[in-house]
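Notes follow once the structure below has been shown.
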Amino acid sequence: MNRRRTGAEYEEQAALWLSRNGFEILERNFFCRGGEIDLVAKEGVCLVFVEVKYRRNKAAGHPAEAVTRHKQKKIIHAAEYYCWKHRIADTCPCRFDVVAILGDEVEHIRNAFEYV
């Protein structure tokens, strides 16, 4: 199976998990020139930008470890553009979460990183 299709399957799994846990999925795979956001969701009044990472096992490390500082900056840039494009007020609470899928286990990490 190719990487893109594998990624799409696990992003779908993460979206379903989040939906079952009270999140409203607003958008999937938001792209801009500087980066990409796997899922944009809403939890209450908070806008949540979600990075989804999958690993079959721990041989390559925990999935969340793949969200490096460089990757975080790209996600933040894309989130800024998303907010600008959708005219989201500066006062809207936002956060960055990671859904790490290791084998069959789903781990949701709230506030995985902050605006840098």
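The values are calculated or read from the model by the stated rules, or taken from the named source; none is laboratory data. Keep in mind that what you see is a predicted model, and the values were worked out from it rather than measured. Virtual Cβ from ideal backbone geometry, glycine too; neighbours counted across all protein chains shown.
Assorted remarks:
- Enumeration of residues in region 32-76 that are of a type in the set (S, T, N, Q) and over 11 Å from the mean Cα position of the chain (by Cα): ASN57, THR68
- Total residues in region 1-28, condition of a type in the set (D, E, K, R), part of a strand (DSSP E or B) and out of contact with any Lys or Arg (no Cβ under 7 Å at 6 or more places or on another chain): 2
- Scanning region 77-112 for residues being assigned to a strand (DSSP E or B) and either under 20 Å from PHE31 (Cβ atoms) or among the charged types (D, E, K, R) (or both) gives a total of 9.
- Within region 29-64, being part of a strand (DSSP E or B), surrounded by fewer than 19 Cβ atoms within 10 Å (Cβ to Cβ) and not hydrophobic (A, V, I, L, M, F, W, C) holds for ASN29, GLU36, LYS42, GLU43, ARG55.
- Some residue of region 87-99 being at pLDDT below 95 and within 13 Å of the chain's Cα centre (by Cα): no
- Checked against the criteria, LYS74 counts as farther than 18 Å from ALA15 by Cβ, touching an Asp or Glu at 6+ places or on another chain (Cβ under 9 Å) and either without any contact (Cβ under 8 Å) to a residue 60 or more places away in the chain or assigned to a strand (DSSP E or B) (or both).
- Scanning region 54-83 for residues that are in contact with a Cys (Cβ under 9 Å, 6 or more places away or on another chain) and aromatic (Phe, Trp, Tyr) yields TYR81, TYR82.
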